[in-house]
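Structure first, then comments.
Just so you know, all these numbers are worked out from the coordinates, no wet-lab data involved. Here the structure is a predicted model, which is why all the values come from computation and not from measurement. Ideal geometry is used to build each Cβ from the backbone, glycine not excepted, and the neighbour counts take in all protein chains shown.
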């Protein structure tokens, strides 16, 4: 059954979106904004580069806030998020594409690992493979 009401579609999607999928969406959004910042830098559109970089930084800040640092692994993740954030800031201030690439590489690793974890969890939960 197709949902034509936008509110109904939003409500349906919000019910079907797990916290893990929301984190995956944050990683994908962050990568999108990093790539936009890099592309804007290459096109010398510094205003757009700044805006995209700040959006990526906001996502990293949100990811940092959600970590439960009582677990050692999350303390390590926090350090990596801080590093990514510093690369985004440096890339923005120094107009350095390499800094954006460093941030992108780390977030890509997080995203890919997170996606794999979701798939493994779904296999255990539902006994089948569901694509994310």
Unique match (being over 25 Å from residue 18 (Cα atoms) and in contact with a helix residue (DSSP H, G or I) (Cβ under 6 Å, 6 or more places away or on another chain)) among 36, 54: 36
Any residue in region 77-91 that is more than 15 Å from the chain's Cα centre (by Cα) and farther than 20 Å from residue 41 by Cα? yes
Tally, over region 90-99, of residues that are in contact (Cβ under 8 Å) with a residue 24 or more places away in the chain and surrounded by 16 or more Cβ atoms within 10 Å (Cβ to Cβ): 2
Filtered residues of region 34-76 (kept if within 23 Å of residue 118 (Cα to Cα), surrounded by 15 or more Cβ atoms within 10 Å (Cβ to Cβ) and in contact (Cβ under 8 Å) with a residue 24 or more places away in the chain): 56, 59, 60, 63
If a residue must be crowded, with 17+ Cβ neighbours inside 10 Å and either within 17 Å of residue 52 (Cβ to Cβ) or in contact with a strand residue (DSSP E or B) (Cβ under 8 Å, 6 or more places away or on another chain) (or both), how many such residues does region 107-132 contain? 1
Does residue 86 meet the test of being surrounded by 12 or more Cβ atoms within 10 Å (Cβ to Cβ) and either free of Cβ contacts under 8 Å to residues at least 12 places away in the same chain or not in a helix (DSSP H, G or I) (or both)? yes
